[in-house]
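Data first, discussion second: the structure below is written as structure tokens.
The values are calculated or read from the model by the stated rules, or taken from the named source; none is laboratory data. Small disclaimer: the values here were computed from a predicted structure and weren't measured. So basically every Cβ, Gly included, is an ideal-geometry build from the backbone, and we count neighbours across all protein chains shown.
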Amino acid sequence: MKKQTLHVLSFVATIAVAVGVLTILNWAPGAFEPGLMKRYPTVDAAASSLGIRKIFVPAYFPESLGWPPAEILAQNMPYPAVVMSFTRTGSDETVLVISQAASRRFEPDAMIRFHTISETVPLDLRGRQARLEAGLCEDQSACSRIQWDEGDGRIMLVMKAPSVELIRIAESMLH
């Protein structure tokens, strides 16, 4: 009985040490390189912490979407980038993702994935040349994506909704 108890305690101690080491390994990159992608509580906190001068946020926001963003991820290394996700009011379902990055090659992890793209059209977005894509999401709901270049970077909006709603949101981001 003593031997079995000793084995159980040894196993529990080993698991606790392993969890502790993994926690430290998860924490270390952000501590030693503070500009890497991490979560922020507010848009202002991300901007001030990383020195990002302008974060595009829509002025028009449908009532069906929750505000503030459900998640804000940002980085300034290797280049500034911000990803904001929004949920449907009263739900945990992500229905809008807005990303901006100072690199045209930035691809945020897709929280909203297209199953099929049925239409791709150029779009004049208040003087900016944008690309609008419409189709179906993986769950077969309507999906839309708008992206345009802003300076040296790119802004992308992806939404589980028809493109009309997404165009209104995108237009409100440009002043």
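Summary of values
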| quantity | calculated |
| --- | --- |
| So Glu150, is it more than 13 Å from the chain's Cα centre (by Cα), more than 22 Å from Val57 (Cβ to Cβ) and among the acidic types (Asp, Glu) | no |
| Sole exception among (1) at pLDDT below 95; (2) touching a Lys or Arg at 6+ places or on another chain (Cβ under 7 Å) for Ala110, by number | (2) |
| Entirely in segment 30-90, the strands (runs of 3 or more DSSP E) that have 1 or more residues that are surrounded by 17 or more Cβ atoms within 10 Å (Cβ to Cβ) and small (Gly, Ala, Ser) | 71-75, 81-87 |
